[in-house]
Amino acid sequence: MFTCKRCDTETRDGVTCSLCEGRFDFPCAGITEAGWRKLGDRKATWKCGSCKALAAASPRTNTLKASSTDADTILSELKRLTTQMEALPILVSSVKAIQQELSELKMIKAEFADMKSSIEFVHGSIETLSNRVSSLEEELDSMKKTKQEMSILREQVDKLESLHRETEQRSRLNNIEIKGVPMSNSENLFTIITKIGDVIGCHITKDQINYVARIPMRNDKNHKNIICSVHNSYLKSDFVAAARKHKLLKVGELGLPGENRVYINDHLTLDNKILLNKTKARAKERGFEHVWVKGCKIFIRKKHTSPMHHIKTEHDLKKFLF
């Protein structure tokens with residue numbers, strides 16, 4: 001940085017006079033930056049305007065001394081120099097005005113540079129956001145595909161779960177579940193099945209039974225129901241139907257102590273038992289009079305003359321008992 005000799009303005013770059021060694025900015029020196037660069041070696045002999053004027057006047061002064069008799073020439077030369085000197089303040093004022101305008105132009109240029117920088121920053125930000133949006137769109141497309149794949153997998157899982165439930169229930173198709181018979185250490189389950197058959201009028205012989213055992217209840221580990229598996233589902237259906245016709249079967253009728261009621265039903269899976277309980281509760285709310293199980297399947301009917309509906313899942317509850 002240096003201070004211009006003519007306008008007293010600080011500037012970064014300029015020229016130096018080879019005579020007075022004064023430093024000027026390019027506008028005050030009367031030369032462009034490109035013109036200064038083109039001078040090359042001639043920069044060392046460059047003179048400012050004042051030094052040029054003095055250099056031009058010196059030869060004329062020497063000539064005047066050598067020819068002292070030419071008074072008119074001297075007077076004319078002096079007048080010309082006086083006129084130039086009188087015009088110098090105006091020229092300086094004009095130069096200062098030009099410098100001020102140039103200073104304003106520099107400020108405008110700086111503002112434009114800042115504006116350009118801001119625009120470039122905004123452009124970069126927009127480009128970054130655009131890239132992010134593109135990335136998000138790609139992720140969204142990927143998520144949509146994943147969602148579709150998950151939906152397909154969910155359907156497949158639902159089908160597999162439904163098939164598993166059906167298979168599990170089918171494996172119990174020949175099973176009879178007997179609830180309410182008290183336990184004893186000396187009990188004979190084959191004898192109990194025979195006594196129940198005598199009471200309800202549907203006999204099952206020992207050779208018609210695949211197996212008979214007690215299993216713990218889901219909510220009461222101290223009481224175990226009796227599960228009896230017979231040779232075919234027809235025999236099971238007849239036994240359960242006969243028990244329902246008998247209605248209030250009690251343990252006393254089986255020669256056992258107590259007045260507890262004995263319940264005989266199809267051996268449903270846990271899922272179907274839960275579904276049956278929900279069906280009974282919803283049917284009661286909606287005024288359905290008939291809920292029953294046949295062949296390990298749940299059915300409902302609003303009135304005796306109404307069409308019956310097979311309840312397979314909770315979706316059927318919403319469909320028929322909403």
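The values are calculated or read from the model by the stated rules, or taken from the named source; none is laboratory data. None of these values were measured; they are calculated from a predicted model. Reconstructed Cβ throughout: ideal geometry from the backbone, glycine too, with neighbour counts over all protein chains shown. Ligands, DNA and RNA are excluded from the accessible area calculation, which covers all protein heavy atoms including side chains. Shrake-Rupley method; radii C 1.70, N 1.55, O 1.52, S 1.80 Å.
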Between a first residue in the stretch 208-234 that is closer than 13 Å to residue 192 by Cα and a second residue that is acidic (Asp, Glu), which pairs have beta carbons less than 7 Å apart while being 6 or more apart in sequence or on different chains? 225/177; 227/177
Mind listing whichever residues of the stretch 185-228 are open to solvent by less than 70 Å² (accessible area, probe 1.4 Å), closer than 28 Å to residue 272 by Cα and out of contact with any helix residue (DSSP H, G or I) (no Cβ under 9 Å at 6 or more places or on another chain)? 189, 215, 217, 220, 225, 227
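Of the residues 259, 253, which is open to solvent by 80 Å² or more (accessible area, probe 1.4 Å) and part of a loop (DSSP other than H, G, I, E, B)?
Answer to the selection: 259.
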Residues located in the stretch 294-321, provided they are farther than 27 Å from residue 243 by Cβ, open to solvent by 90 Å² or more (accessible area, probe 1.4 Å) and touching a residue at least 24 places away in the same chain (Cβ under 8 Å): 314
Please find, among 154, 132, 165, the residue that is at pLDDT 85 or above, closer than 30 Å to residue 264 by Cα and either among the basic types (Lys, Arg) or within 31 Å of the chain's Cα centre (by Cα) (or both). 165
Can residue 168 be described as within 27 Å of residue 242 (Cβ to Cβ), of a type outside the set (Phe, Trp, Tyr) and assigned to a strand (DSSP E or B)? no
Go through the residues of the stretch 208-223 one by one and say whether even a single one is part of a helix (DSSP H, G or I) and closer than 18 Å to residue 252 by Cα. no
Just name the residue that is surrounded by the fewest Cβ atoms within 10 Å (Cβ to Cβ) out of those in the stretch 145-184 that are charged (D, E, K, R) and in contact with a strand residue (DSSP E or B) (Cβ under 7 Å, 6 or more places away or on another chain). 179
